[in-house]
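Below is one structure; the comments refer to it alone.
The values are calculated or read from the model by the stated rules, or taken from the named source; none is laboratory data. All figures in this text were calculated on a predicted structure; none of them were measured in a lab. Heads up, the Cβs are rebuilt from the backbone with ideal geometry, glycines too, and the neighbour counts pull from every protein chain shown. Heavy atoms of the whole protein, side chains included, go into the accessibility calculation; ligands, DNA and RNA do not. Shrake-Rupley method; radii C 1.70, N 1.55, O 1.52, S 1.80 Å.
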Amino acid sequence: MRTDVLKDEDPVKLAEFEARIERGEKIEPTDWMPAIYRKQLIRMIEQHAHSEIIGALPEGTWITRAPGFKRKLALMAKVQDEVGHAQLLYSAAETLGKSREQMISDLINGKSKYSNIFNYPAFTWADSCFISWLVDAGAIVNQVANSRGSYGPYCRALERICVEEAFHLKYGHHCVIHMATGTDIQRKMMQEAINRWWKPMLMFFGPPDKISAHTEILMKWKVKMLSNDDTRQQWLDMYVPKIWELDLTLPDEKLRKNQDTGKWDYTEPDWDEFKRVINGDGPCNKERLAVRRTAEERGRWVREALSRPKAEYTIPLA
Ligand code: COA
């Protein structure tokens, strides 16, 4: 497959490109790159940007209902950060030649994917706490690794995102500790949220390596610095003990660290459900896209008022 997608590339330029990546150099927007590297980056960064913007929705609905003024303020700041992350990522993707308008249009028309996990409902405040702590923790494991990758604009965006995400993680951890050490009802709410989110969380890191379509080439070119399974394992290693520390349980009897392999054993989530959800048929897909579509339509007059029709379009060097 690799030979096939690269058959039209200049072998000398390709060798120099791969040597640069091997040496740990960053590839910048105006540098030569194989078409498939560009295409893969656009796909991945665009999906990442959409995930940030859609990811703001389940938590965003909890701002007005967050318990207490401090929590409202913190959650509002967090949601605002997530939308800012989407802007950084859209800018990074634009450097590769796809316009923001096209990306937004592909999102609201259901052509582009975004993270599976944001297609599940946040029924209670405890769901919002789960997202702030554990989903953000998953995102950080992925992003810290990939910020050391090969494409300059994406890495720089990820570095900044990780700094902000570190605050989200502390905020989310604090929220979960508060619930886990609170009244019986609070503990029960937190436990039920963990039970609801466990399987989507395992899926968040992507399909197992053996069936992942893009990992091989993305790792070869240092876009992905960890495979899906390794990212999942790292998250399990870092957060399962922290969840257990709070006397909360995880809904998987098989879950344990296997001393022989050094890896976590767990029950595989339903990968057919994963496929359905990422292809538009999850519990909240329609609602999430409808909200984005409405925002796009209602905001059109602002964009038109701000636009300068005679200005020339320049590709930003993020
Ligand atoms: N949610 C939605 N779709 C997912 C997914 C997830 N959690 N994990 C994988 N997929 C999709 C892939 O996008 C791909 O679909 P496509 O070929 O139509 O684009 C398909 O499932 C096969 O997966 P895989 O080959 O493993 O994709 P990948 O190598 O791109 O790895 C990620 C998936 C999410 C690990 C990778 O894209 C990534 O690191 N993205 C940046 C981080 C990010 O987007 N985080 C989101 C939340 S903050």
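Only protein atoms count toward the accessible area here, which uses a 1.4 Å probe; on the range 213-254, the carbon and sulfur part of that area reaches 50 percent.
Restricting the calculation to alpha carbons of the range 84-238 gives Rg and Dmax of 16.9, 53 angstrom.
Residues considered: LYS210, LYS222, LYS170. Largest GNM mean-square fluctuation over the chain, using C-alpha springs under 10 Å, is found at LYS210. Rolling a 1.4 Å probe across the protein heavy atoms gives the chain an accessible surface of 51 Å² per residue. For the chain, the list of Cys residues with no other Cys C-beta under 4.7 Å reads CYS155, CYS162, CYS284.
For ASN228, neighbours were defined as the other residues whose beta-carbon sits under 14 Å from its Cβ, and their charges (Lys and Arg +1, Asp and Glu -1) total -1. In the range 116-199, the C-alpha radius of gyration followed by the widest Cα-Cα span (Dmax) gives 14.8, 49 angstrom. With 0.36 nm allotted per residue and the present C-alpha distance subtracted, the ARG256-GLU312 stretch has 14.4 nm of extension available. Which is the longest run of the chain containing none of the chymotrypsin sites (Phe, Trp or Tyr not before Pro) found in DSSP loop states (not H, G, I, E, B) with at most 14 other C-beta atoms within 10 Å? Looking at the chain, 124-312 is the longest stretch - no exposed chymotrypsin sites (Phe, Trp or Tyr not before Pro) with at most 14 other Cβ atoms within 10 Å.
Spacing of the modelled spin labels on ASN195 and GLU287, each 7 Å from Cα toward Cβ, amounts to 2.0 nm. Can you give the longest stretch of the chain with no exposed loop site, where a site means GluC sites (Glu not before Pro) in a DSSP loop (not H, G, I, E or B) with at most 14 other C-beta atoms within 10 Å? With GluC sites (Glu not before Pro) excluded where exposed in loops, the chain gives 26-252 as its longest stretch. Loop-located trypsin sites (Lys or Arg not before Pro) in the range 227-318 (DSSP state other than H, G, I, E, B) with a sparse environment of at most 13 neighbouring Cβ atoms within 10 Å: LYS254, LYS310.
The label point for ASP237 and the one for ASN109, both projected 7 Å from the Cα toward the Cβ, are 4.3 nm apart. Rule-of-thumb check for the range 209-253: C-alpha Rg over 2.2 N^0.38 Å? It is 1.54.
Note on GLU304/LYS26: beta-carbon distance plugged into 1/(1 + (r/R0)^6) with R0 of 51 Å gives a FRET efficiency of 0.90.
Summarising the overall dimensions of the range 44-133 from its C-alpha atoms, the Rg and Dmax are 14.1, 44 angstrom. By the Cα gyration tensor, the chain has an equivalent ellipsoid whose semi-axes, rounded to whole angstrom, run 33, 26, 17 from largest to smallest.
In terms of overall dimensions, the C-alpha atoms belonging to the range 198-318 reach 66, 35, 30 Å along their principal axes, ordered largest to smallest. Rg/Rh for the range 178-229 (Cα atoms only, Rh after Kirkwood) is 1.29.
For trypsin sites (Lys or Arg not before Pro), the sites in the range 1-75 that DSSP calls loop and that have at most 13 other Cβ atoms within 10 Å are LYS7, ARG23, ARG65.
Considering the range 1-57, its Cα convex hull presents a mean projected area of 5.1 nm².
Can you give the local net charge around LYS98? Use residues other than it whose beta-carbon is closer than 11 angstrom to its beta-carbon, Lys and Arg +1, Asp and Glu -1. So the surrounding residues net to 0. Computed over neighbours whose Cβ is under 14 Å from that of ARG303, the net charge equals 0, Lys and Arg +1, Asp and Glu -1.
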